[in-house]
Structure formats: C-alpha cells, structure tokens
Amino acid sequence: MTATAAMTPPALVSLALALVVALPLLGALLAVVAGRRGGAVALATLGATGAALAVVVFSVARDGAPVLMALGGWAPPLGIVLRADGLAGAFLCMSWLVLGGVMLQGLHRFGPSSDPPAETRAGFAFWPLVLLLWGALNAIFLSRDLFNLYVGLELLSLAAIALVAIERKPETIAAALRYMVFALMGSLLYLLGAALLYAAHGTLDTVLLAARTPAGLPDHMAAALITAGLAVKTALFPFHAWLPPAHAGAPAPASALLSGLVPKASFFILVQVWFGALPDMTDPAMPLVLASLGAVAVFYGGIMALRQERLKQIIAYSTVAQLGYLFLIFPLAGGDSAAQPWAAGAWTGAMFHALSHALAKASMFLCAGLWITAAGHDRLNGLRGMAKATPIAAFAFGLSAIVLMGLPPSGAFTAKYLMLTAAFASGQVIWAAVLVLGGLLAAIYLYRPLVLTFARDMPEGLTAITRAAQLVPLVLAAAAILLGLASAAPFEFLQIGRPEAAAEGLE
C-alpha cells in the first residue's frame, strides 16, 4: 500500500476515525445543555463512540496495517494526521471499557436518583468533564503531531483537575491546586522541548522527525525537556506528590479515571516520542535514569501503601508503584546501537502492563466507591466482612489484586513474563529483581484489605448495594484477567504498526 493510499482509507473508516475524537467532545457540549440528563447523553455517546471505534479496530485488525487519515486532505507538515495502529486501538478499547464502568457507576453517584441528588453542582459538572477527558484521551491516542499531543494533554489535565475538586471539599481543592502546579510544570517543560524541535526541523510530526537530520545539542535538550515534562505528568517518582491526595480525595468514579487512564496518556506520548520520533537520541544514561526512578517508585509506592489506613490511599500509592514498572521499558528495549531481539518483548510487555493496570485499578477504585457508599467511609477497620454484604464487588477486588500482584492468569502476568524474559535475555538481572520483588510487595500491601474484606464478621448498618452496581467493577477486573487468558490475539494486534525501534531497540 502506498503512502497516498494509506492516507485515504474507505469513507466509512475515515468517518469512524474522526468520530472517535469528535463524538466525546460533542457529547460534552450536549451534556452541558442537558443538565440533569447529562448521564443519558454520556451513555448515548458511549454507545455511538463504541460503534465508531469498532469500525476502526476491525479495519486495523483485518488489514494488519495502521489506518491514517489527513484531516482536510492536507498532509504533514502543514496538515494534521490521525493514525490508528495496534497500540492506539488497544488503548482506545481499554479507555472505552473503563469509561463505560465509570459512567455506569457515575449514575449511582451523580444520576437522577443519586444521594446527594444530581441537582448539585457536582452532578451537573461530572458528565461534561468525563466526556471532555475522554475526548482528550482519544485525541492523544490517535495523534502523531507533538503540538496536537500538547493540546490533548492540556485538555486532559484541565478536566482531571476539575474532577479532583468537583465536590469542593477543602482537602480536594488543595489536592487539585497541587495537581495543577505539577501539571503546569510538566506542560511548560514539554512545550519548551517541542519548540526546540520545531525551531531545528520545522515540523512536529513524529514520522517526519524520525527521518530528520539530527541537530545535535538542540535535539538532546528537546528530548530531555519533553521527557521531564511527561515524567511529571505520569507521576514518576519523585514527581508523584500530586497523585495520592488527588486520587484518594476525588469521588471514586473520578479516581478510577485519574488512576487508570490519565497517567497512561502521558506515558503513551513518551513511548511515541522515544520509539517513534527520536529513537536515535538515546543517551546511555537516559534509560538507566528513567528505570532507576521507576524502580524507586515501585518500592516507595509499595512501602507507603503498607502504611495507609484508608483503602483509597492504599490504591493511590499502589498506582505510584505500578507506574514505575512502565519505565523499565527503556533499558530493556534500548540504549544499544546493535539490534536487540528482546526489545519487542519488553515493549509489548510494558503495553500489556499499562492496559491490565488501567482495567484493574479502575475496578479497585469502583469497588472502593461502592464500599464507601455502603459503610460511609473507607477506613480499613470498618470494612471487615464486606464480602458478605457485597460478594460480587469483593470478588472483583480480589481479581484486581491478582492482576496487580502479577499472578497468572492475568494480563499483568503476561506483561511481567515478557519483561522478565527481556531482562534475562539482555543480562539486566537487576530489573528482573525489581519486577519480582515489586510483585511480592504488592501481595503484602494488598493482603490487609483482602483479609479484612473476606473476614467472617457480618457488618451492620450498611447501605444496600445492588448486584447490578457490583457487576461493573467485576467486568473490568475480568477484562484484565482475560487479557492474560487470551493474550495471543492482543499480542498480535499490538504489533500492527509498531515502531521499528520497538522491534530492534533504541539506538
């Protein structure tokens, strides 16, 4: 297929590709107008966007090649190109699942029959913010221009910050302000790096940047600034200080988004930059620094999770730890000028981990939200015997714990297997130790909530939780398990359109 043919897919696929981005943004506007019926608008948008996404994913899987569309018929560097490959398709599908779970549980928190009633300011604002966040995510996953990615990041950050402070409690407003400071710092660093690249090469398209003539110092400075900015937004240690208070203080449906999806967007861009746009800029120290910070995050997040007495705080610090694994991709898939046959396994393993973590962590936060509704709080000692009152939610929490521990047959086990294989094949045993010890630490800090939840005590004075509400987190947790049980198909799909550096390693 020629480049021109790839830019002009069938009309139906082109329309579907555009709608995947446009429909959530349009839904956000309609939700503002709809007011108390915002939940109905959100669910209609979920269904319509899911249909468009199915067309795109089916086309990518059928043809075994990415779908590209130049908006307005203008090719880069003047025009904007949307690109759906295996990685983008996988992240789009994962986001759709998580957003579906969040919207369904959001109906109980912010719907017409919610308590407090949906007529509150939070009830009106929740739906437009969720849809704006979704539109920003889809734009990020489909864009290949660094400035468009910046615009998506800004919209994502604004929606996420507003969701943290949506209930206007003093502690959540303080957490949102701290989040805003970190987000602005990350944005400025990213934008400075993008400006340096544009000044040196006259384009921000990742494909054109990959084919550029290296500009020496400006390119290295740009790569460092962009990486630092995205590390801040991904909450990599030591830039994680905004994450635990923001995630733990927000309403549970918002926490599911903030933990499961928001950090994945900036990590997705980081992968696009290093494996797509600048694979030749890898300094020997860069993979080591990023992986070392990731390893510290794994142990720091795990130890802090052990010290918490509130369930949402445990899950929030677990996110700090789990995000650290993603940065092991850089030494395992790069830093050598020779081809590295293990690089493809490390790259795919990191993507499996990102997908399975998003599903499991969203499920955990939704379970926590149900228990807060039932018990009125999330203190561990008050959750004894919750499995008897909410057996389906307890089962979902247990499945999610299996995923975060990296145990079979979950998608996280597949991820760790691929990354461990790459670590041993490349002789980097230290990162294999981080993967194994991090899993053991996760088992330790998740042991307390699991034991208390499944205790024989029968809790009293609980608000009843419907089985339908408990099924939502169960579906997400089951999807994370299924990602491992049926890993062959997702594995092959992720390889469609993967960057050359993902197969041969960074230079």
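No lab work stands behind these numbers, since they all come straight from the coordinates. Source: prediction; values computed, not measured. Counting neighbours? That spans all protein chains shown, and the Cβs are built from the backbone with ideal geometry, glycine included.
Per-residue answers, yes or no, for (1) over 21 Å from LEU82 (Cβ atoms); (2) in contact (Cβ under 8 Å) with a residue 60 or more places away in the chain:
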site: ALA174; (1), (2): yes, yes
site: PHE182; (1), (2): yes, yes
site: SER187; (1), (2): yes, no
site: ALA194; (1), (2): no, no
site: GLY202; (1), (2): yes, yes
site: VAL207; (1), (2): no, yes
site: ALA210; (1), (2): no, yes
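Which pairs turn up if I take residues in region 248-267 that are within 21 Å of HIS108 (Cα to Cα) and look for partners that are in a loop (DSSP other than H, G, I, E, B) and of a type in the set (A, V, I, L, M, F, W, C) with beta carbon separation below 8 Å, at least 6 apart in sequence or on another chain?
These pairs meet every condition: ALA250/ILE166; PRO251/ILE166; ALA254/ILE166; LEU258/ALA250.
Of the residues THR463, THR453, only one is among the polar types (S, T, N, Q) and either within 27 Å of GLY302 (Cβ to Cβ) or touching a Pro at 6+ places or on another chain (Cβ under 8 Å) (or both); which?
Exactly one residue qualifies, and that residue is THR453.
Take PHE365 and decide whether it is closer than 26 Å to TRP274 by Cβ, in contact (Cβ under 8 Å) with a residue 12 or more places away in the chain and aromatic (Phe, Trp, Tyr).
It is false that PHE365 is closer than 26 Å to TRP274 by Cβ, in contact (Cβ under 8 Å) with a residue 12 or more places away in the chain and aromatic (Phe, Trp, Tyr).
Can you pull out every residue in region 239-293 that is among the hydroxyl-bearing types (Ser, Thr, Tyr), surrounded by 24 or more Cβ atoms within 10 Å (Cβ to Cβ) and over 20 Å from CYS93 (Cβ atoms)?
SER255
Which of the residues that make up region 370-386 are assigned to a loop (DSSP other than H, G, I, E, B) and either over 27 Å from the mean Cα position of the chain (by Cα) or more than 25 Å from LEU104 (Cβ to Cβ) (or both)?
GLY376, ARG384, GLY385
Inside region 171-213, can you point out the residues that are β-branched (Val, Ile, Thr) and surrounded by 21 or more Cβ atoms within 10 Å (Cβ to Cβ)?
Result: THR172, THR206.
Inspect all residues belonging to region 451-472 and state whether any of them is β-branched (Val, Ile, Thr), under 19 Å from PHE91 (Cβ atoms) and assigned to a loop (DSSP other than H, G, I, E, B).
Within region 451-472 (the criterion being β-branched (Val, Ile, Thr), under 19 Å from PHE91 (Cβ atoms) and assigned to a loop (DSSP other than H, G, I, E, B)), the answer is no, since none of the residues qualifies.
Go through region 214-238 and give me each residue that's within 15 Å of PRO279 (Cβ to Cβ) and either crowded, with 21+ Cβ neighbours inside 10 Å or touching a Cys at 6+ places or on another chain (Cβ under 9 Å) (or both).
Residues satisfying the conditions are ASP219, ALA222, ALA223, ILE226, THR227.
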